[in-house]
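The next block holds one structure in the form of structure tokens; read it before the comments.
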Amino acid sequence: MRKSEFGGFILRIVLGVIFIVHGLAKLQEGITAVADRFASYNLPFPEVFAYGVTGLEIIGGIFIVIGFSIRLFAFLFILLMAGAIATVKFAVGFLKGYEFDLALMAMATYLLFASNRFLALDNFIVEGKEKRNKVR
């Protein structure tokens, strides 16, 4: 195992947990309240976005932690953070605005390009396919 794999693993776990906690916070707040907040940002279809963002944060966070479809969810998190910055956080400014979102986006970008195979469920899926292909 390379040191960068272990570093990527830590990054993957932290990123996933952050998104899970944010999604659970939205659930605890209530989807209606989240939709109302999204409506105050002038987002179209705020209810759809409330469910979509909450679901992506929880499910995507879990999948990132277990290492399933890492690149897909990293890409979706990049889009989510870009959307948050563009629609809400940029107007606030860097400090107390979009600096945290930018850091999450950078973490997700690392996983998009480097992925992370250390203790990842994707390994078992790929290895299983490779073994089946060798048998044929």
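The values are calculated or read from the model by the stated rules, or taken from the named source; none is laboratory data. Given the structure is predicted, the values throughout are model-derived calculations rather than measurements. Cβ coordinates were reconstructed from backbone atoms using ideal geometry, including for glycine residues, and neighbour counts include every protein chain displayed. Please note that ligands, DNA and RNA were not included when accessible areas were found on the heavy atoms of the full protein model with its side chains. Shrake-Rupley method; radii C 1.70, N 1.55, O 1.52, S 1.80 Å.
Could you pull out the trypsin sites (Lys or Arg not before Pro) across the range 1-85 that fall in loop regions by DSSP (anything but H, G, I, E, B) with no more than 10 other Cβ atoms inside 10 Å?
Answer in residue order: Arg2.
Over the chain, average the accessible area per residue using a 1.4 Å probe and give it in Å², no decimals.
For the chain, the solvent-accessible area averages 61 Å² per residue.
Taking θ = phi - 60°, what integer Hz values does the Karplus form 6.51 cos²θ - 1.76 cosθ + 1.60 yield along the range 34-46, in sequence order, with x for Gly and Pro?
Calculated HN-Hα couplings, in order: 5, 4, 5, 5, 5, 5, 5, 8, 6, 7, x, 6, x Hz.
Non-local amide H neighbours of Gly67 (under 5 Å, H modeled in plane, Pro and chain starts lacking H): which ones?
Correct list: Leu121.
Output wanted: per-residue J couplings in Hz (rounded whole) for the range 104-120, from phi through Karplus 6.51 cos²θ - 1.76 cosθ + 1.60, θ = phi - 60°, x for Gly and Pro.
So the J values, rounded to whole Hz, are 5, 5, 5, 4, 5, 5, 4, 5, 4, 8, 9, 6, 5, 9, 5, 6, 9.
If you roll a 1.4 Å probe over the chain with all protein chains in place, what percent of the accessible area is carbon or sulfur?
With neighbouring chains kept in place, the figure for the chain is 70 percent.
Apply the Karplus parameterisation 6.51 cos²θ - 1.76 cosθ + 1.60, with θ equal to phi minus 60°, to every residue of the range 49-63 and state each ³J(HN,Hα) to the nearest whole Hz, in sequence, with x for glycine and proline.
Along the range 49-63, the couplings run 5, 4, 5, x, 5, 4, x, 4, 5, 6, 5, x, x, 5, 5 Hz.
In debye, nearest 20: dipole of the chain around its Cα centre with unit charges on the Cβ of K, R (+) and D, E (-)?
720 debye
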